[in-house]
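See below for the structure under consideration.
The values are calculated or read from the model by the stated rules, or taken from the named source; none is laboratory data. Because the structure is predicted, anything quoted here is derived from the model rather than measured. Cβ coordinates were reconstructed from backbone atoms using ideal geometry, including for glycine residues, and neighbour counts include every protein chain displayed.
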Amino acid sequence: MGIYAVKPRFQEVLSPVASWLADRDVDPTALNLLALVASFNAALLLFLATNTYLSLLIPLLVFIRIALNALDGMVARLNDVEGQAWGEVLNETVDRVSDAFIFVGLALNPAVNTTLGLMTGLIVVLSSFVAVASKAAGGGRRYDGVMGKADRMFIIGLLGVLTPIFGVAEPGYWALIIVSAGCFETITHRLIVTHGELDDG
């Protein structure tokens, strides 16, 4: 399950914030869009990443993204709007765009292998697609596998920490390799579990 296993504890920490937002009728979609803005800014910093300390903002931005994504669902539950069809579609779409921003931003950094970066972005989106396709076909929305969203963002955040020390080229290469390999395992795992769940024999 990767870092996703600590989600209940993370939500517990964020609970007072979620209650405060819900009491003020903050639209969960607004939180989702703010997460998209954080992702875009992280992507911009990844594109510009050199061995400067500006890259230390990357882990902060990806943490903000993860926190806002969690708060989005928590506020929706508290305001009894969880599970609304359009909100769910919008949430999944914005999440995929956020992923694309981040990995395309890294791929376009001149010090990074562009082909590897774009291929990683593609396999990341495919991993999430399999998770959503499972639900669309009548199974569960899949969160399992070694390389979920939180795991990917942890690696990107670590890259931001390492860049001022080592530059972006080598840490960026290994970040992309690890994410790609992890997402390949995750896709395979999710397909196997989904097949077992949906197989009519």
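The rows are residues; the columns are (1) touching a residue at least 12 places away in the same chain (Cβ under 8 Å); (2) touching a Ser or Thr at 6+ places or on another chain (Cβ under 9 Å); (3) exposed (fewer than 14 other Cβ atoms within 10 Å of the Cβ); (4) not hydrophobic (A, V, I, L, M, F, W, C).
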{"position": "14", "(1), (2), (3), (4)": "yes, no, no, no"}
{"position": "19", "(1), (2), (3), (4)": "yes, no, yes, yes"}
{"position": "36", "(1), (2), (3), (4)": "yes, yes, no, no"}
{"position": "46", "(1), (2), (3), (4)": "yes, yes, no, no"}
{"position": "59", "(1), (2), (3), (4)": "yes, no, no, yes"}
Restricting attention to segment 126-145, the residues that are modelled with pLDDT of 95 or more and over 12 Å from residue 191 (Cα atoms) number exactly 0
Screening 39, 15 for residues that are closer than 21 Å to residue 112 by Cβ and hydroxyl-bearing (Ser, Thr, Tyr) leaves only 39
Can you tell me how many residues in segment 125-151 are part of a loop (DSSP other than H, G, I, E, B) and surrounded by fewer than 20 Cβ atoms within 10 Å (Cβ to Cβ)? 8
3 or more residues modelled with pLDDT of 90 or more and among the charged types (D, E, K, R): qualifying helices (runs of 4 or more DSSP H) within segment 1-117: 85-107
Restricting segment 92-124 to residues that are touching a residue at least 60 places away in the same chain (Cβ under 8 Å) and either touching a Cys at 6+ places or on another chain (Cβ under 8 Å) or on the phi > 0 side of the Ramachandran plot (or both), which is surrounded by the fewest Cβ atoms within 10 Å (Cβ to Cβ)? 123
